[in-house]
1. Could you sort 75-81, 24-30 so that the peptide with the highest average Cβ count within 10 Å comes first and the rest follow in order?
2. What is the spin-label model distance, in nm, from Ile32 to Met5 if the labels are put 7 Å beyond Cα along the C-beta direction?
3. Excluding same-chain residues fewer than 8 positions from Lys225, which lysines have a Cα within less than 18 Å of its Cα?
4. Order of 226-235, 105-114 by packing, highest average Cβ count within 10 Å first?
5. Full-extension gain between Lys100 and Leu81, please, as 0.36 nm times their residue separation minus the C-alpha to C-alpha distance.
6. Would you please give the FRET efficiency between Glu72 and Asp244, computed as 1/(1 + (r/R0)^6) with r the Cβ-Cβ distance and R0 = 35 Å, to the nearest 0.05?
7. May I ask you to compute the full-extension gain from Asn91 to Ala126, defined as 0.36 nm times their residue separation minus their alpha-carbon distance, rounded to one decimal in nm?
8. Report the FRET efficiency, 1/(1 + (r/R0)^6), for Glu222 and Lys116, where r is their Cβ-Cβ distance and R0 is 25 Å, rounded to 0.05.
Amino acid sequence: LKSGMEIRQQVLEYVQMRVAALRHQQQRARGIAPTTPSQQASSPESQDLPPDAPSIPPSSSASVQGDVQLVEGGYNNISALRANTMKFLPNFFRRGQLSKIFICFPDPHFKARKHKARIVSNSLNAEYAYVLRPGGLFYLITDVEDYYLWALRHFGVRLSDRERQQQQQQQKQGEGDDGQDDEEVGQHAGSGVARIGELFERLSDEELEADPCVRIMREETEEGKKVSRNNGPKYVAVFRRREDPEWD
């Protein structure tokens with residue numbers, strides 16, 4: 001099961017429409033009639049598909065029916081709901097229930113006083129570690145380098161010299177939140193960032209290139225296409241959930 005969680009109503013409705021379009025395409029290609037009143041009201045027989053109905057992405061478990069790619073499950077394993085994940089994520093999932101989490105082009109909240117609203121932070125990263133199973137993956141893509149460096153630091157990654165210089169420029173401008181730099185994290189082994197670093201490991205560049213999910217985030221998401229049209233940069237980081245460390 002794949003579930004999207006979105007707090008903005010308009011975005012949620014758009015995603016739900018796209019999912020419905022995918023399901024209708026699958027039903028039409030298979031010749032399956034809708035079985036419920038809600039499905040009948042919006043079925044291909046009662047109305048046309050939305051004009052921007054998405055094309056079916058390729059799948060290893062798919063076959064071709066006409067010009068439509070048939071996908072196992074017919075996209076009935078995809079859903080989206082309105083929720084504030086920053087407040088209620090552990091209310092939806094059990095410990096270790098998720099295998100993957102995707103955060104695609106989050107709001108960077110540039111002003112220092114708004115950094116507390118960023119969806120990557122010490123406390124939220126601990127919640128991601130709670131709901132991810134060991135070996136599960138946390139995906140992040142952004143077109144803002146400052147946010148990318150912020151995320152690396154809050155996952156306990158030791159930055160390169162160039163990244164450290166960029167980070168220091170942010171701090172001079174008033175980074176807000178906990179404001180620790182990379183050296184401070186290493187000196188305070190009990191700090192939140194350091195402890196999060198024990199729960200995640202960063203995937204290598206080779207692993208990123210071999211992961212089809214990374215390609216989809218870069219090229220197939222709506223925001224990814226928008227950034228490409230504007231010739232903007234894309235920064236990707238993926239972290240694997242480690243086994244829980246032993247108690248001291």
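1. So the order, starting with the most tightly packed, is 24-30, 75-81.
2. Label-label distance for Ile32 and Met5, simple model: 2.8 nm.
3. Candidates past the 8-residue exclusion: Lys234.
4. Per-residue mean Cβ counts within 10 Å order the peptides as 105-114, 226-235.
5. Gain on extension, Lys100 to Leu81, equals 5.1 nm.
6. 0.55
7. Length gained between Asn91 and Ala126: 11.2 nm.
8. Values: r = 27 Å, r/R0 = 1.08.
Rounded to the nearest 0.05, the efficiency is 0.40.
Any read-out appearing in this document is the output of simple, stated calculations on the displayed coordinates, not a laboratory observation. Remember, it's a predicted structure, so these values are computed and weren't measured experimentally. Note that each Cβ is placed from the backbone with ideal geometry, even for glycine, and that neighbours are counted across all protein chains shown.
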